[in-house]
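Since every read-out is calculated from the coordinates, none of them should be taken as a lab result. Note that this is a predicted model, so its numbers are computed, not measured. Don't worry about glycine lacking a Cβ; one is built from the backbone with ideal geometry, like all the others, and counts go over all protein chains shown.
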Amino acid sequence: QPGQIQNGVHSEDDDDDVAEDKPLVLVTMGSDSDLPVLKAGLDILKEFNVPYALDITSAHRTPKYMMRVADEAAGKGIKVIIAAAGGAAHLPGMISSETPLPVIGVPVKATHLDGLDSLLSIVQMPRGVPTATVGINNSTNAALLAIRILGTIIPDYQSAMKKYQLDMEEAVIEKGTKLRT
Ligand code: RP5
């Protein structure tokens, strides 16, 4: 179902590409301890009715599973991957190395280095393996960017994004108006 949490992307019916209810976004993380940081982004995906799949794919604890998920995602109809990890955050980059899909990395603040370690681990990818990177713990922007990417092929998501932007603009203008009066 759109916006419903699912376990993994490994389903039986891999045929039709953008079939309704089929996950378009894979949200994966290095550990279930990253899940609270992803909540805001998952709420955005639900708000926009984006069907997504959730998984845990640790670059260090489950490297073979991580690579399999990355390898199979495109064939399962996934269009964008959001990958969150903290500390030595190799997950987004490794996923990116194994899929032709756009990958958005979310650096998670998980250690005494306050997320700077995660950010630098994700953002400094070598030429040839692009991996988008949002701010530390900013799963909201990861979800919004994923929806913008979907919007390039699915007009409804682009219209919804335009409305989101207009609503945001209106809300800020209204706050300013209240301050001025
Ligand atoms: C990373 O290590 C995970 O993405 C998480 O942010 C961090 C800590 O993992 P746990 O020890 O809490 O499972 O791989």
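What to note about this one:
- Low-density loop positions, GluC sites (Glu not before Pro), the stretch 83-181 - DSSP coil, at most 14 other Cβ in 10 Å: none
- The distance between label points at Leu166 and Asp114 comes to 4.0 nm (points 7 Å beyond Cα on the Cα→Cβ vector).
- When each of Asp55, Asp71 is scored by the number of other beta-carbon atoms lying within 10 Å, the sequence from fewest to most is Asp71, Asp55.
- The residues Ser31, Ser139, Ser159, Ser118, when put in order of fewest to most other Cβ atoms within 10 Å, stand as Ser159, Ser31, Ser139, Ser118.
- Once the Cα-Cα distance is subtracted from the 0.36 nm per residue extended length, the Ile154 to Leu35 segment shows a gain of 40.1 nm.
- Computed extension length for Asp43-Asp21: 6.2 nm, one decimal, from 0.36 nm per residue of separation with the Cα-Cα distance subtracted.
- In this Cβ point-charge picture (+1 for Lys and Arg, -1 for Asp and Glu), the stretch 25-155 has a dipole of about 200 debye about its Cα centre.
- Positive-end extreme of charge dipole, the chain - chosen from Thr99, Leu38, Val25 (charges on Cβ): Leu38
- Glu174/Glu72 FRET efficiency (R0 35 Å; Cβ-Cβ; nearest 0.05): 0.15
- Percent RCO, i.e. relative contact order, over the stretch 25-155, from Cα pairs under 8 Å lying at least 6 residues apart: 28 percent
- Viscosity 1.567 mPa s, temperature 4 °C, Stokes-Einstein D of the stretch 25-155 from Kirkwood C-alpha radius, µm²/s: 91 µm²/s
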